[in-house]
Amino acid sequence: MTSPVKAMQVAHYFLALQDEDAGDLISNLKLQKLLYYAQGLHLALTGKPLYPERIEAWQHGPVVPDIYHAFKEYRACPISIEEGNGMAIRDEAVVDFLNEVYDVFGQYSAWKLRNMTHEEPPYKEAEDSQGEISRASMRRYFRRYLNDETP
């Protein structure tokens with residue numbers, strides 16, 4: 001996989017995957033958690049970040065601040081984007097990876113994902129220090145997660 005892509009490209013890709021007819025909609029809260037899981041799993045699989053933007057521990061879990069602010073006007077409502085806006089990622093390996101992340105985590109509600117992240121060490125460690133969720137912490141945790149060694 002060639003990376004990094006920008007977090008906004010990943011956000012738009014996930015938003016393009018939502019299926020309004022199936023009731024599969026993405027709020028800002030859910031989008032933030034999908035970005036977190038994509039970054040963590042990419043770090044575990046490749047040792048490299050998917051995107052360069054930082055992830056912070058906020059009250060409702062991991063947040064990429066720039067992406068949060070770009071979509072905060074939607075509040076808890078589903079985010080809509082223009083048709084085709086999510087196809088800006090040209091690397092097939094990245095697209096396949098994001099599809100897998102969405103297949104696994106996109107099925108959950110925003111609040112389920114929020115609650116999941118609150119139980120995970122990368123968020124808990126950063127929450128204690130009130131700051132950035134470290135890539136090293138994410139890489140460690142998600143390597144264990146992929147190897148089915150999570151507590």
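Residue check: is TYR37 touching a residue at least 24 places away in the same chain (Cβ under 8 Å) and more than 15 Å from LEU17 (Cβ to Cβ)? Spelling it out, it is not the case that TYR37 is touching a residue at least 24 places away in the same chain (Cβ under 8 Å) and more than 15 Å from LEU17 (Cβ to Cβ). All conditions but one from (1) surrounded by 19 or more Cβ atoms within 10 Å (Cβ to Cβ); (2) over 14 Å from the mean Cα position of the chain (by Cα); (3) at pLDDT 95 or above apply to GLY86; the one that does not is (3).
The condition (being surrounded by 18 or more Cβ atoms within 10 Å (Cβ to Cβ) and in a loop (DSSP other than H, G, I, E, B)) is satisfied by just one residue among LEU98, LEU50, LEU113, LEU43: LEU50. When residues in segment 46-72 are screened for being of a type in the set (S, T, N, Q) and under 22 Å from LYS112 (Cβ atoms), 1 of them pass.
Where residues in segment 64-80 are of a type in the set (Val, Ile, Thr) and either touching a Lys or Arg at 6+ places or on another chain (Cβ under 9 Å) or assigned to a loop (DSSP other than H, G, I, E, B) (or both), which of them is nearest to MET138 (Cα to Cα)? Break it down into steps so the answer makes sense when it comes.
So in segment 64-80, the residues of a type in the set (Val, Ile, Thr) come out as 64, 67, 79.
Filter once more, so that each one left must be either touching a Lys or Arg at 6+ places or on another chain (Cβ under 9 Å) or assigned to a loop (DSSP other than H, G, I, E, B) (or both): 64, 79.
On the way: VAL64: 14, ILE79: 27 Å.
The extreme case among them is VAL64.
The values are calculated or read from the model by the stated rules, or taken from the named source; none is laboratory data. This is a predicted model, so every value here is computed, not measured. Neighbour counts run over all protein chains shown; Cβ positions are idealised from the backbone, glycine included.
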